[in-house]
Amino acid sequence: MKLVLKQPDDWHLHLRDREAMHSVLAHTAARFGRAIIMPNLRTPVTDTGAARDYRQRILDALPANAGFRPLMTLYLTDNTDAAEIIRAHESGYIHAVKLYPAGATTNSAAGVTRMENTWSALEAMQDCGMPLLVHGEVTAPEVDVFDREMVFIDKILEPLLRRFPTLKLVLEHITTRQGIEFVLRGGDQVAGTLTAHHLLLNRNAIFAGGIRPHHYCLPILKREAHREALLEAATGGNPKFFLGTDSAPHARHAKESACGCAGLYTSHAAIELYAEAFEQLDRLDRLEGFASVFGADFYGLPHNETQITLLKEDWQVPESYPLGSAELVPMRAGEVVHWRLGAQ
Ligand code: NCD
Ligand code: ZN
């Protein structure tokens with residue numbers, strides 16, 4: 001079996017920087033036309049100048065004749081002002097602003113401590129149509145790690161939408177039924193991204209026969225009933241839901257540790273893994289909308305004119321890939337993926 005799709009885009013990607021970026025970029029560039037690049041570098045990308053420099057480093061690292069285009073984001077802090085938002089918007093290469101609650105995930109220490117501190121930035125974003133991309137988890141230690149998304153929706157997102165009723169907002173890497181319902185309740189300006197790993201795995205994968213650090217990510221994998229709700233949303237043909245891998249490379253030693261980092265790496269087989277998920281519900285005909293159309297429409301960008309081919313063929317994922325001078329362990333390491341990317 002063969003599937004031809006308009007070239008897809010990845011609306012949530014961690015590329016890192018320098019040598020690590022050089023190691024992973026080709027996986028994404030082989031599959032996707034564009035990607036929204038997350039700004040959570042060790043020194044976060046908090047202003048337009050830093051985003052311009054980071055974008056240039058990505059362009060310089062691309063394989064020759066790659067058609068891939070990075071779409072940059074700014075990292076929202078307590079101090080981001082309206083003037084910076086306007087500068088970012090006018091740059092033409094910054095397409096969104098990312099909200100990390102301080103302490104929620106990797107490199108989020110400089111994130112937002114109180115939403116009130118962001119009002120002037122959010123007002124400027126609402127005015128110029130710049131989307132807010134949300135890592136939707138509360139950080140309060142008394143809230144159970146499996147409930148953090150649900151509580152964030154009630155405590156933070158619902159009031160935020162009431163205050164900024166026309167702000168474009170993407171709930172990133174949705175992991176719960178409540179996250180899906182939040183997006184469905186919102187107007188056309190509210191959308192959500194879904195990762196391949198949250199469509200394919202439930203939380204048992206973290207504990208299968210022992211503790212599996214390579215299945216630890218944030219938001220953490222949830223129960224099977226939530227996975228089923230995500231898969232239904234992804235394959236349902238609703239343009240509010242589109243592809244965002246959240247592929248997040250970490251060195252093997254940083255994950256196989258007494259305090260392992262959060263993140264799954266899926267860029268090596270991203271669109272192939274989504275094809276597996278859509279096949280589970282026999283809805284491969286809906287993959288192109290989800291992967292190649294709805295995200296571009298939400299961001300007001302044209303669809304890609306190129307195409308990719310997917311073949312229904314098994315291949316074995318390597319045990320590891322290089323990550324700078326270290327290595328990373330990809331999703332399905334040493335195991336089989338059931339779709340293969342055809343030659344272009
Ligand atoms: C991401 C990372 O490593 O940068 N990790 C993750 O588990 N998804 C950060 C994030 O998106 O939360
Ligand atoms: Zn992410």
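The values are calculated or read from the model by the stated rules, or taken from the named source; none is laboratory data. Note that the structure is predicted; figures quoted are calculated from it, not measured. Virtual Cβ from ideal backbone geometry, glycine too; neighbours counted across all protein chains shown.
Looking across the range 90-116 at every residue that is in contact with a strand residue (DSSP E or B) (Cβ under 9 Å, 6 or more places away or on another chain) and more than 16 Å from ligand 2 (Cβ to nearest atom), the one that is nearest to Lys168 (Cα to Cα) is identified as Ile94. Of Ser267, Ser247, all but one fail to be away from ligand 1 (no atom under 11 Å from the Cβ), in contact with a strand residue (DSSP E or B) (Cβ under 7 Å, 6 or more places away or on another chain) and within 19 Å of Pro318 (Cα to Cα); the exception is Ser267.
Just wondering, is there one or more residues in the range 300-311 that are at pLDDT 95 or above, assigned to a loop (DSSP other than H, G, I, E, B) and in contact with a strand residue (DSSP E or B) (Cβ under 7 Å, 6 or more places away or on another chain)? Even if it seems obvious, please write down each step before you answer.
Taking the range 300-311 first, the residues at pLDDT 95 or above are 300-311.
Subsequent filtering for residues that are assigned to a loop (DSSP other than H, G, I, E, B) retains 300-306.
Imposing the further condition that a residue be in contact with a strand residue (DSSP E or B) (Cβ under 7 Å, 6 or more places away or on another chain) reduces the set to 303-304.
Within the range 300-311, one or more residues are at pLDDT 95 or above, assigned to a loop (DSSP other than H, G, I, E, B) and in contact with a strand residue (DSSP E or B) (Cβ under 7 Å, 6 or more places away or on another chain).
When we screen Phe152, Phe182, Phe146 for residues that are within 16 Å of ligand 2 (Cβ to nearest atom) and either within 17 Å of Gly244 (Cβ to Cβ) or of a type outside the set (Asp, Glu) (or both), the only hit is Phe152.
So if I check each of Val112, Val45, Val97, which one is surrounded by 19 or more Cβ atoms within 10 Å (Cβ to Cβ), within 17 Å of Tyr299 (Cβ to Cβ) and not small (Gly, Ala, Ser)?
On the way: Val112 fails: within 17 Å of Tyr299 (Cβ to Cβ); Val45 fails: within 17 Å of Tyr299 (Cβ to Cβ).
The unique qualifying residue is Val97.
For residues that are within 16 Å of ligand 2 (Cβ to nearest atom), among the hydroxyl-bearing types (Ser, Thr, Tyr) and in a loop (DSSP other than H, G, I, E, B), tally how many sit in the range 246-293. The qualifying residues number 2.
Scanning the range 1-29 for residues that are farther than 21 Å from His95 by Cα and within 14 Å of ligand 1 (Cβ to nearest atom) turns up Ala20, Val24.
Within the range 227-241, the residues that satisfy the criterion of being under 19 Å from Gly186 (Cβ atoms) and out of contact with any strand residue (DSSP E or B) (no Cβ under 6 Å at 6 or more places or on another chain) are Ala229, Glu232, Gly236, Gly237, Asn238, Pro239. I want to confirm something. Restricting to the range 86-102 and keeping residues that are within 16 Å of ligand 1 (Cβ to nearest atom) and under 20 Å from Leu15 (Cα atoms), which single residue is nearest to the chain's Cα centre (by Cα)? Per the criteria, the residue is Lys98. Looking across the range 30-70 at every residue that is under 20 Å from Leu122 (Cβ atoms), in contact with a strand residue (DSSP E or B) (Cβ under 6 Å, 6 or more places away or on another chain) and not in a helix (DSSP H, G or I), the one that is farthest from ligand 1 (Cβ to nearest atom) is identified as Thr46. Going residue by residue through the range 57-77, is there one that turns out to be surrounded by 21 or more Cβ atoms within 10 Å (Cβ to Cβ), touching a residue at least 12 places away in the same chain (Cβ under 8 Å) and over 20 Å from the mean Cα position of the chain (by Cα)? There is no residue in the range 57-77 that is surrounded by 21 or more Cβ atoms within 10 Å (Cβ to Cβ), touching a residue at least 12 places away in the same chain (Cβ under 8 Å) and over 20 Å from the mean Cα position of the chain (by Cα). Sub-8 Å Cβ pairs linking a first residue in the range 251-278 that is closer than 18 Å to Ala326 by Cα to a second residue that is assigned to a helix (DSSP H, G or I) and more than 14 Å from ligand 1 (Cβ to nearest atom), at least 6 apart or interchain, are Thr266/Leu273; Ser267/His27; Ser267/Thr28; Ser267/Arg31; His268/His27, ordered by first then second residue.
Scanning the range 150-161 turns up one or more residues that are touching an Asp or Glu at 6+ places or on another chain (Cβ under 6 Å), crowded, with 20+ Cβ neighbours inside 10 Å and in contact (Cβ under 8 Å) with a residue 40 or more places away in the chain.
Of the set (1) among the aromatic types (Phe, Trp, Tyr); (2) closer than 14 Å to Ala104 by Cβ; (3) more than 16 Å from ligand 2 (Cβ to nearest atom), all apply to Phe164 but (2).
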